[in-house]
1. Within segment 2-27, restricting attention to residues that are in contact with a helix residue (DSSP H, G or I) (Cβ under 8 Å, 6 or more places away or on another chain) and among the aliphatic types (A, V, I, L, M), which residue is modelled with the lowest pLDDT?
2. Of the residues that sit in segment 31-63 and are of a type in the set (A, V, I, L, M) and part of a loop (DSSP other than H, G, I, E, B), which one is nearest to the chain's Cα centre (by Cα)?
3. If a residue must be buried (at least 17 other Cβ atoms within 10 Å of the Cβ) and out of contact with any helix residue (DSSP H, G or I) (no Cβ under 7 Å at 6 or more places or on another chain), how many such residues does segment 72-97 contain?
4. When you check residue 121 against the structure, is it modelled with pLDDT of 90 or more and either in the same structural domain as residue 30 (by TED's automatic domain parsing) or touching a Ser or Thr at 6+ places or on another chain (Cβ under 8 Å) (or both), yes or no?
5. Looking for whichever is outside the structural domain of residue 167 (by TED's automatic domain parsing), of a type outside the set (D, E, K, R) and touching a residue at least 24 places away in the same chain (Cβ under 8 Å) here; the options are 50, 56. Which one fits?
6. Would you please name the residue that is surrounded by the fewest Cβ atoms within 10 Å (Cβ to Cβ), looking only at residues in segment 144-158 that are of a type in the set (A, V, I, L, M) and in a loop (DSSP other than H, G, I, E, B)?
7. Does segment 131-138 include one or more residues that are outside any helix (DSSP H, G or I) and out of contact with any Leu (no Cβ under 7 Å at 6 or more places or on another chain)?
8. Every residue in segment 39-54 that is surrounded by fewer than 18 Cβ atoms within 10 Å (Cβ to Cβ), farther than 12 Å from residue 23 by Cβ and aliphatic (A, V, I, L, M), please.
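The values are calculated or read from the model by the stated rules, or taken from the named source; none is laboratory data. What you see is a predicted model, and the numbers here were worked out from it, not measured in a lab. Don't worry about glycine lacking a Cβ; one is built from the backbone with ideal geometry, like all the others, and counts go over all protein chains shown.
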Amino acid sequence: MDNLEDLAEIGSLTTDDFGYFTKTVRELLSRCFIIRGVDEALYTFGIRNYGLLEPYFACMGAQLRKDESLGVLAWRGGYESRVHLSRDETCALLVFRLFYEEKRNTLRLSEYPTITVFDFLQRFKAITDRDLKKTRLLELLRRFGSLKLIKIPGDTGPDALVLLYPSLALVLDQEGIDEIRGFIKNEESPA
C-alpha cells in the first residue's frame with residue numbers, strides 16, 4: 001500500500017506511453033510473461049516503468065516480478081489465477097526446465113537454448129518411463145508455446161528445434177523441481 005501513490009503517475013504518461021502501458025498489462029495478464037528479444041518494446045517499457053506497473057498489479061493482489069539477467073517480466077497471482085497442469089504437462093515442464101538449466105550457459109547461435117523434439121522425448125521417457133503419443137506430444141508443445149515457455153519455429157518432427165525461453169526459470173524454481181521429482185519417485189515406488 002505504500003507505493004499506491006505511484007499509480008498517480010499514470011496521468012503523466014504520454015499518449016504513446018499510455019498505449020504501451022495498456023499493451024504491457026494486457027500481455028502480462030494474458031500470457032503471464034514478457035520476454036526480452038520476443039516482446040522487446042514491451043519489455044523495455046516494462047523495465048523502464050516497473051515502479052508504475054508494480055503497484056498496478058499490487059492492487060489486484062498480484063506480485064510483479066522482474067529478472068533482468070534472464071530478461072523476463074512476469075506476474076504471479078493467487079491460487080485461483082494459476083495454470084493447472086496434468087501429470088504429463090508437469091513432467092514435460094520438468095524436462096524443459098532441466099534442459100534449460102543444462103544449456104543456458106553454453107555457446108549457441110540463437111539467443112535462447114535449444115533442444116530437439118527427439119531430445120525432449122528421450123528425456124521424458126527416461127524420467128517417466130513412458131512414451132508420449134504423437135497427438136499428446138503436439139498438445140504439450142502447443143500448450144507450452146501458448147504459455148510462452150518454449151517456441152517451435154518450424155515443424156514438430158523429431159529433428160525440429162525447440163527454443164527454451166527464460167520464463168522456464170521463473171515458472172519452476174528449484175523447490176518446484178524437487179517437489180516434482182519426489183512426486184515421480186513416489187509414483188514409481190511399489191505400495
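1. Among those residues, the one meeting the criterion is 4.
2. The qualifying residue nearest to the chain's Cα centre (by Cα) is 38.
3. 1
4. On the way: modelled with pLDDT of 90 or more: yes; either in the same structural domain as residue 30 (by TED's automatic domain parsing) or touching a Ser or Thr at 6+ places or on another chain (Cβ under 8 Å) (or both): no.
Answer is no for this residue.
5. Working: 50 fails: touching a residue at least 24 places away in the same chain (Cβ under 8 Å).
None of the others qualify; the one that does is 56.
6. Keep residues of segment 144-158 that are of a type in the set (A, V, I, L, M), which gives 147, 149-150, 152.
Next, only the ones that are in a loop (DSSP other than H, G, I, E, B) stay: 147, 149, 152.
Values: 147: 19, 149: 25, 152: 16.
Looking at residues that are of a type in the set (A, V, I, L, M) and in a loop (DSSP other than H, G, I, E, B), I get 152.
7. Taking segment 131-138 as the starting set, the residues that turn out to be outside any helix (DSSP H, G or I) are 131-133.
This time we only want the ones that are out of contact with any Leu (no Cβ under 7 Å at 6 or more places or on another chain), so: 131, 133.
Yes: one or more hits.
8. Correct list: 47 only.
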